[in-house]
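Every number here is computed from the coordinates shown, using simple stated rules; none is lab data. As the structure is a computational prediction, the values presented were derived from the model and not from experiment. Neighbour counts run over all protein chains shown; Cβ positions are idealised from the backbone, glycine included.
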Number of protein chains: 2
Amino acid sequence: MKDDEHVQERAEQTRRSLLEAAASLFDERGYAGTSISDITARSGHTSGAIYFHYTSKERLALAVVQEHFATWPPLIDRHTGLHVPALEQLVRLSFAVARAFRDDIVVRAGARLWTERSLIAAPFPPPFIGWIDAVGAMLERAHGEGELAAHVDPLPAARTIVCAFFGLHTVSEALDGRRLVEDHLAELWTLLLPSLRAAPGHPGHTAELLAAARGA
Amino acid sequence: MKDDEHVQERAEQTRRSLLEAAASLFDERGYAGTSISDITARSGHTSGAIYFHYTSKERLALAVVQEHFATWPPLIDRHTGLHVPALEQLVRLSFAVARAFRDDIVVRAGARLWTERSLIAAPFPPPFIGWIDAVGAMLERAHGEGELAAHVDPLPAARTIVCAFFGLHTVSEALDGRRLVEDHLAELWTLLLPSLRAAPGHPGHTAELLAAARGA
């Protein structure tokens with residue numbers, strides 16, 4: 001029994017180390033630019049280990065994308081549990097996601113593989129819908145708490161926010177390698193919050209909220 | 001002399017027909033999924049004609065991307081020449097661009113090739129910067145004409161609008177094949193205009209403006 005656990009633990013470590021080596025290569029070179037032998041060289045594991053744990057390069061790419069998608073539910077839960085108004089939860093969540101896109105190799109690789117999905121014979125999960133639903137639910141709560149301006153309809157607003165957020169990542173990646181992504185996100189909220197909010201609050205309020213979200 | 005003109009005209013027709021056949025294939029199948037022989041089959045020209053006019057598949061892809069980029073300056077000029085306020089010019093321009101992304105095969109193909117740029121050994125023009133400058137100049141004029149709210153800084157606002165607009169295309173393409181792109185764009189402006197405008201105007205104003213821009 002003890003031995004079995006040990007074997008399972010080692011297998012899990014090997015899977016994780018292969019996943020991370022593959023993710024860092026997919027992030028740097030893309031799917032087509034990464035070979036099985038690149039992954040063996042970077043991970044220190046054999047190609048036999050790759051085929052044993054993932055069966056193919058396609059399935060390894062799919063595992064990276066699934067791991068990217070699996071990042072979000074716990075992050076969303078953590079932010080919707082914060083004891084702050086719903087709009088502030090949303091702003092804080094957006095900065096946490098932006099930092100993950102900038103710093104987390106599996107998130108970055110999953111995003112790149114997703115844009116290259118037409119090259120990869122694997123069933124990728126549908127994108128954006130989960131985000132539109134999650135942001136929509138947060139705006140519904142903001143609406144229920146009287147935070148939203150009268151003209152704001154939660155679901156279309158959620159779709160617009162998700163579009164703006166993902167566009168910001170594409171632009172920031174192309175123009176500054178995501179270095180300035182938090183600055184661009186602060187600009188986005190500076191433009192959107194006065195329109196979303198029922199009461200604009202005192203002039204420094206948006207700036208304070210953004211400073212707190214960046215530091216969070 | 002007459003003969004030379006005739007030859008030149010025919011060469012131009014061949015170039016254009018190759019470009020459009022390649023664009024429709026790149027749009028459907030992507031760069032990696034399109035071969036020279038696919039392009040000969042669709043265009044009815046020989047592979048010799050492709051190599052003569054474009055030297056390689058890379059250069060043909062680059063020509064499609066350049067043609068995509070060349071679509072915008074005349075469209076921007078036409079809209080900044082309209083006798084309407086600057087913000088309305090911008091809204092109308094955004095719908096014209098959205099329709100081009102939905103309906104113009106060279107624009108669509110150029111956009112797809114751009115997302116696949118890491119696979120293509122050709123010097124693609126830098127993206128987004130021209131758009132951020134153009135939208136920034138329109139917002140500067142809106143500011144000069146007293147149309148913008150006090151908290152709106154034209155350049156960061158331009159960057160946010162360009163990010164939101166391109167994100168909207170990515171999302172609309174992934175979720176509905178761009179069929180609903182004009183609806184999503186109307187939602188974007190419904191959220192942004194109350195924040196951008198110095199005076200929100202009467203309640204139906206945004207709806208009227210959007211209806212006019214969609215029909216334009």
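Considering only Cα atoms, the convex hull volume of chain B works out to 147 Å³ per residue. Normalising the average separation of contacting C-alpha pairs (under 8 angstrom, six or more residues apart) by the number of residues puts the relative contact order of the range A:137-216 at 32 percent. Inter-copy label distances for A:T115: 1.0 nm (label point placed 7 Å from Cα along Cα→Cβ; shortest first). Shielding by partners for peptide A:170-181, expressed as the average number of C-beta atoms from other protein chains within 10 Å of each residue's C-beta, is 3. Between copies, the label points of B:T46, set 7 Å from Cα on the Cα→Cβ line, lie 5.3 nm apart, reported in increasing order to one decimal in nanometres. Set the Förster distance to 25 Å, then compute FRET efficiency between A:A11 and A:I36 from the Cβ-Cβ distance, nearest 0.05. After rounding to 0.05, the efficiency reads 0.85. Comparing A:F124, A:F52, A:F95 in a Gaussian network model of chain A (Cα springs below 10 Å), the most mobile by mean-square fluctuation is A:F52. Between this copy and the others, label points of B:G81 are 6.1 nm apart in ascending order, each placed 7 angstrom from Cα in the Cβ direction. In the calculated pair-distance distribution of the range A:1-109, the portion above 16 angstrom amounts to 64 percent of the Cα-Cα pairs. Here the range A:2-61 is treated as a sphere whose radius is the Kirkwood value from Cα pairs; by Stokes-Einstein at 10 °C and 1.306 mPa s it diffuses with a coefficient of 136 µm²/s. Each principal axis of the Cα atoms in the protein assembly as shown has its own extent, and those three values, largest first, are 90, 61, 30 angstrom. Other protein chain C-beta atoms within 10 Å of residue C-beta, averaged over A:183-194: 5.
Each stretch of four or more DSSP H residues adds -39500 (n - 2.57); spread over every residue of chain A, this sum gives -24500 deg cm²/dmol at 222 nm. When only Cα pairs below 8 angstrom with a gap of at least 6 residues are kept, chain A shows a relative contact order of 21 percent. Charged side chains reduced to their Cβ positions (Lys and Arg at +1, Asp and Glu at -1) give the protein assembly as shown a dipole of some 540 debye around its Cα centre.
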